[in-house]
Amino acid sequence: MFPMKYLFPLVLSAAVIGALYAQAPAAPKAPVTKLVSEVYEWGRMQPSPLPTGERRMVFEGTTTTLDKLHCHISTLNPGERSGQPLKHLQEEIVIVKEGTLEANYDGTAKTGGPGSVIFLASGATTFLRNPGKVPVTYTVINYFTPLTPKN
């Protein structure tokens, strides 16, 4: 049996630790970067390996007219897809650099090759797929405005 004389100090210690934790300031959020004019060189972008290919982060931040502007470059291996179908709240532009990319949106599938531009509307349920025999590389640009739905 647990001796009662140890119960009070244990409960008091837990209460003090809990009170101190509750008063601790929340971890600061990473500052939102405001984007400025810049050149982003391909050779300086570090690829991050993914099970389906790789991804290069280009930029993400606010602008004078947008709540958020995001750009990355993805490479999908043959037969792979970007993920499960997902409903996007923001608009998205996809530009195919090399290979063949199949854009799937709201039950429609269309394919484009190098130089093709794909626009995915706000509210569309989408995923991308590489139907080809070689990797496909494409740039993704999406943006959030004050009119972008919040959920």
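The values are calculated or read from the model by the stated rules, or taken from the named source; none is laboratory data. Here the structure is a predicted model, which means the values were calculated and not measured. Cβ sites come from the backbone with ideal geometry, for glycine too, and all protein chains shown count toward neighbours.
Of T75, T64, T126, which residue is among the β-branched types (V, I, T), over 19 Å from S48 (Cα atoms), crowded, with 19+ Cβ neighbours inside 10 Å and out of contact with any helix residue (DSSP H, G or I) (no Cβ under 6 Å at 6 or more places or on another chain)? Working first, answer last.
Numbers: T75 fails: over 19 Å from S48 (Cα atoms); T64 fails: crowded, with 19+ Cβ neighbours inside 10 Å.
The match here is T126.
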Exercise. What is the number of the single condition among (1) under 15 Å from the mean Cα position of the chain (by Cα); (2) at pLDDT 95 or above; (3) of a type outside the set (A, V, I, L, M) that H88 does not meet?
Worked result: (2)
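Farther than 15 Å from C71 by Cβ and basic (K, R), is that true of K87?
Values: farther than 15 Å from C71 by Cβ: yes; basic (K, R): yes.
Here the answer is yes, as K87 does meet what is asked.
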